Amino acid sequence: MRQIEDARKKYEEIPIPQELSGRVRAAIVRSEEKRKSQEQKIPVAGIYRRNRIYRRNKIYRRNRIWGLCAGTAAALVLVFTTALNTNTAFADMAAGLPVIGAAARILTFRSYEKDEGDWKISVEIPSVEMIAKDTNGLDAALNQEIYDLCSRYAEEAAERAREYKKAFMETGGTEEEWEAHDIKIHVGYEIKAQTERYLSFAVQETENWSAAGSETRYYNIDLKDYKMVTLADVLGRDYVRIANESILRQMEDRKKKDGIAFWSGSEGGFTGITDKTAFYMNENGNPVIVFDKYEIAPGAYGKLEFEIGRTGEGINKTAYTDNFMVPEEAVTAFAKKVKAAVADRDMDALSSLASYPLYVGFKDGGVSAGSPEELAALGTDRIFTPELSAAVEAAEEETLTPSMAGFVLKNEGTPNIVFGVSGGVLAVKGINY
């Protein structure tokens, strides 16, 4: 143990040449430019966010990327798992893995580890298997994209490691000192959610010697319609406003509770989401928007995530558990929002207040709207009937009483709108005619 401590101390005392920092950073920039050039040629379906922090150079320079744990290089080790369709035993084993909602499953298509002497690299390439026969070609295109992405991640990371070693040696480093850095690269994936409706996962690359090399791309698949999910799909056409308002509320809460010092918009912090904003779906069926380290706050806070409820409300640990615990003022405020949406015949506003699937009980039969788009497809005139508008307008929002079903906005009987607790927040749960 004493020998290990002495070795660690000796390693930590190795002087770092001042000119190395610039050389390493230049190598990273060259790698980034090469990667961007390649990306312009290859369209991708996934939504991703790069963890490139060059715009925070002043902060980044304070972090020494070479303060790593000691270690030594070992002999070449290569573990290769062949494709499923070429290995019967492996395919049989994989077939026993749990199926995601009887619609899809995700498998490790190929994995390997290599010790290159100067660095170690481990790679796990996922593959999505759709159970349905006709997926509009989604699975084939997606798996090819993922394979290419993982391969590119590994190649670019290895190139950065080569550039780093070259810069290190040219600025006075020795082989002995280099070996002590124990450079490691990992490319893999993480399943975020697997439900009957969604499969969401992240493909990521990390390097233990440079935060600037870390990248993550999120894939969100709608298992009902066999397409990639967008924020507009889950939050409606007004998704930008809904997400922005929720994020700003949650940021304010975290400032008060956790003391997080978010940067202002003028400082390069949060100014709003776009259709390119990174997100994944969670087990609750809600999108979780992800901001990389240094993107909206100091790097010490790491990646910051914001779950956006399907009603647009932020999710937290103190969310409502049933209709009877909702404060009267919250019930009244939500009822006013519903009444305003109906009065204005505003489909976007109403859909943003609903949870899904949403039951709509027409006189000629009930239907279930599984998303804001499906609700909108029913038609404005069919939803906002004169009878419903009159009944909701006549409802007294300040005298609503809770029940197991929720709160009912009505005059007498039907038509009416029922809302209540869903996923911890208030949401419209049914419309009856």
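The values are calculated or read from the model by the stated rules, or taken from the named source; none is laboratory data. It should be emphasised that the depicted structure is a prediction, and the values quoted were computed from it without experimental measurement. Note that we place each Cβ from the backbone using ideal geometry, even for glycine, and neighbour counts take in every protein chain shown.
Laid out as a table, the results:
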quantity: Residues that are of a type in the set (Gly, Ala, Ser) and in contact with a Ser or Thr (Cβ under 6 Å, 6 or more places away or on another chain), drawn from the range 335-372; calculated: Ser355
quantity: Candidate set from the range 111-132 (those that are exposed (fewer than 15 other Cβ atoms within 10 Å of the Cβ) and aliphatic (A, V, I, L, M)); member that is farthest from Ala154 (Cα to Cα); calculated: Ala132
quantity: Conditions (1) under 27 Å from Asp233 (Cα atoms); (2) at pLDDT 90 or above; number of the one not met by Ser352; calculated: (2)
quantity: Members of the range 242-283 found to be in contact with a Ser or Thr (Cβ under 7 Å, 6 or more places away or on another chain) and among the aromatic types (Phe, Trp, Tyr), listed by number; calculated: Tyr280
quantity: Helices (runs of 4 or more DSSP H) lying entirely in the range 355-415 (those with 1 or more residues that are at negative phi, in contact with a Pro (Cβ under 9 Å, 6 or more places away or on another chain) and charged (D, E, K, R)); calculated: 372-377, 386-394
quantity: Evaluation of Tyr218 against (1) outside the structural domain of Ile106 (by the TED database); (2) assigned to a strand (DSSP E or B) (one fails), failing number; calculated: (1)
quantity: Test: residue in the range 143-157 that is under 23 Å from Val203 (Cβ atoms), acidic (Asp, Glu) and crowded, with 19+ Cβ neighbours inside 10 Å; calculated: yes
quantity: The range 257-285, residues that are at pLDDT 90 or above and not in a loop (DSSP other than H, G, I, E, B); calculated: Phe279, Tyr280, Met281
quantity: Of all residues in the range 200-212 being in contact with a Gly (Cβ under 8 Å, 6 or more places away or on another chain) and modelled with pLDDT of 80 or more, the one that is farthest from Ala103 (Cα to Cα); calculated: Glu207
quantity: Among residues of the range 195-215, those that are crowded, with 21+ Cβ neighbours inside 10 Å and assigned to a strand (DSSP E or B), counted; calculated: 8
quantity: Whichever residue in the range 354-383 is surrounded by 15 or more Cβ atoms within 10 Å (Cβ to Cβ) and among the polar types (S, T, N, Q) and, among such residues, is farthest from Leu426 (Cα to Cα); calculated: Ser371
quantity: Hits in the range 349-373 (condition: under 15 Å from Arg310 (Cβ atoms) and out of contact with any Gly (no Cβ under 6 Å at 6 or more places or on another chain)); calculated: Ala349, Leu350, Leu353, Ala354, Ser355, Leu358, Ser368, Ala369, Gly370, Ser371, Glu373
quantity: Yes/no for Val187 being in contact with a helix residue (DSSP H, G or I) (Cβ under 6 Å, 6 or more places away or on another chain) and at pLDDT 90 or above; calculated: yes
quantity: Candidate set from the range 225-256 (those that are outside any loop (DSSP other than H, G, I, E, B) and of a type in the set (Ser, Thr, Tyr)); member that is modelled with the highest pLDDT; calculated: Ser246
quantity: Residue that is touching a residue at least 40 places away in the same chain (Cβ under 8 Å) and within 22 Å of Gly302 (Cβ to Cβ), where the choices are Tyr198, Tyr153; calculated: Tyr153
